[in-house]
Amino acid sequence: MSSAPWLNYGRQSIVEQDIAAVAEVLRGDWLTTGPAVEAFEKALAQVAGAPAVSVTSGTAALHAAYGGLGLGPSDEVVTTPITFVATASCAAQLGAKIRFADVCEDTLNIDPAAVAAELTPQTAVVAGVDYGGHPIDIDALRPLCDSVGALLLEDAAHSIGGTYQGRPVGSLADITTLSFFPTKNLTTAEGGAIVSPDEDVLRRIRRFARIGMVRAKDELQHPDEGDWWYEVPEFGLNYRLPDVLCALGTSQLTRLPSFVSRRAELVARYNTLLADLDGLRLPVQREGVDPAWHLYAVRVLGGRRREVFDKMRASGIGVQVNYIPVYWHPVFAEAGYQRGLCPVAEQAYSELISLPLYADLTDSEQDRVVDTLRGILG
Ligand SMILES: *Cc1c(COP(=O)(O)O)cnc(C)c1O
């Protein structure tokens with residue numbers, strides 16, 4: 001093992017301002033479900049361009065989105081295999097049938113042509129993922145969704161702060177889900193959110209994430225019982241993000257522009273420093289998008305991914321593979337999903353390695369990543 005410090009593929013950036021924001025809440029009257037929640041959701045809506053509901057994780061955001069829509073065994077969800085398992089598993093757990101559509105060869109985002117082939121009258125949701133931070137092809141996916149009356153869900157766990165045709169991620173799809181895990185573009189430790197311009201959809205999702213409880217007079221069957229009264233018209237779960245973590249989120253949001261620009265700077269630097277290295281394919285950026293880069297995922301050609309992964313890790317560089325094709329996991333394989341289903345995704349998976357990318361990564365640390373990679377491939 002190398003004695004140089006470990007450089008992980010992603011990590012948080014925490015400064016005194018973030019710590020002070022959390023400490024202030026700890027000294028106050030509310031630890032959860034107080035004013036910091038409302039403040040965070042308001043600030044988030046500003047950045048995302050649509051109203052937001054905070055929840056305890058990106059997984060909770062997906063579960064609340066699918067659950068709030070009332071997805072069940074008569075529904076189908078078309079999604080990508082190149083994602084964290086929750087994009088698919090949270091819908092499968094509700095009984096919905098998952099149809100995997102292959103990805104585009106360049107961005108590794110869900111391929112609209114492949115989506116078209118998986119649509120049926122039962123399609124309730126098409127769920128794309130902004131892989132690495134690069135927004136999905138909204139203009140191609142929107143008419144496909146409309147053609148069967150499906151909703152477009154954008155899993156934007158990687159991409160808050162990015163834009164598509166000048167419009168912010170969060171204002172593009174019917175439902176956008178976010179994650180604030182420490183490796184993501186901003187953090188609340190654990191945390192997530194759902195964003196939607198559709199007031200009714202967001203109300204149902206919020207209710208699911210708040211134990212199914214309603215208090216507003218116009219939602220109650222018995223509105224005149226007294227001020228203590230609430231009702232549970234449908235089942236839900238407690239996915240509330242506490243004030244302590246929302247305060248961290250609000251502080252982090254003020255720093256998001258600097259996170260996004262530093263990540264872009266590092267991506268441009270990787271692109272330059274690795275341009276001439278044979279046996280490597282670098283991430284692409286399509287015209288009209290301004291990604292908030294979460295991953296710098298390169299493709300190692302010539303069957304050398306495992307070798308590069310092991311040698312980078314042995315040199316103290318915490319590379320990662322994002323992602324194992326979702327339907328390879330036993331829970332899907334045992335339900336009949338077979339290898340070979342999405343060949344573009346599977347080929348990409350066999351080559352992918354995420355190099356360290358985070359706002360606090362220094363130029364000299366990045367140089368160490370590049371030099372180590374050159375030493376292996378050069
Ligand atoms: C991280 C992530 C999630 C889940 O978020 P958690 O906060 O870790 O639960 C979902 N989808 C994608 C694409 C992710 O990267």
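The values are calculated or read from the model by the stated rules, or taken from the named source; none is laboratory data. Just so it is clear, the model here is predicted, and its values are computed rather than measured. In this analysis, Cβ positions are derived from the backbone assuming ideal geometry, glycine residues included, and neighbour counts consider all displayed protein chains.
Taken together, the residues in the stretch 89-132 that are more than 16 Å from the chain's Cα centre (by Cα) and either at negative phi or not assigned by TED's automatic domain parsing to the domain that holds Glu154 (or both) amount to 29. Entry remark, the stretch 105-128: residues being touching a helix residue (DSSP H, G or I) at 6+ places or on another chain (Cβ under 8 Å), part of a loop (DSSP other than H, G, I, E, B) and either surrounded by fewer than 21 Cβ atoms within 10 Å (Cβ to Cβ) or basic (Lys, Arg) (or both) number 4 in total.
For Gly70, the criteria (1) touching a Gly at 6+ places or on another chain (Cβ under 8 Å); (2) surrounded by fewer than 21 Cβ atoms within 10 Å (Cβ to Cβ) hold in every case but one, which is (1). Being surrounded by 18 or more Cβ atoms within 10 Å (Cβ to Cβ), outside the structural domain of Val344 (by TED's automatic domain parsing), in a loop (DSSP other than H, G, I, E, B) and within 16 Å of the ligand (Cβ to nearest atom): is that true of Ile82 here? Judged against the criteria, Ile82 is a match.
Conditions (1) farther than 20 Å from Asn185 by Cβ; (2) more than 16 Å from the ligand (Cβ to nearest atom); (3) not assigned by TED's automatic domain parsing to the domain that holds Pro182, marked per residue:
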{"site": "Arg281", "(1), (2), (3)": "yes, yes, yes"}
{"site": "His294", "(1), (2), (3)": "no, no, yes"}
{"site": "Arg299", "(1), (2), (3)": "yes, yes, yes"}
{"site": "Gly302", "(1), (2), (3)": "yes, yes, yes"}
{"site": "Gln320", "(1), (2), (3)": "no, no, yes"}
{"site": "Tyr337", "(1), (2), (3)": "yes, yes, yes"}
{"site": "Ala348", "(1), (2), (3)": "yes, no, yes"}
{"site": "Ser354", "(1), (2), (3)": "no, no, yes"}
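Looking only at the stretch 270-287, decide whether some residue is surrounded by 14 or more Cβ atoms within 10 Å (Cβ to Cβ), in a helix (DSSP H, G or I) and either in contact (Cβ under 8 Å) with a residue 24 or more places away in the chain or more than 26 Å from the chain's Cα centre (by Cα) (or both). Among the residues of the stretch 270-287, at least one is surrounded by 14 or more Cβ atoms within 10 Å (Cβ to Cβ), in a helix (DSSP H, G or I) and either in contact (Cβ under 8 Å) with a residue 24 or more places away in the chain or more than 26 Å from the chain's Cα centre (by Cα) (or both), which makes the answer yes. Here Arg240 meets each of (1) in a loop (DSSP other than H, G, I, E, B); (2) within 34 Å of the chain's Cα centre (by Cα); (3) surrounded by fewer than 15 Cβ atoms within 10 Å (Cβ to Cβ) with one exception, condition (3). Selection over the stretch 90-131 of residues that are touching a Lys or Arg at 6+ places or on another chain (Cβ under 8 Å) and free of Cβ contacts under 8 Å to residues at least 40 places away in the same chain gives a count of 0.
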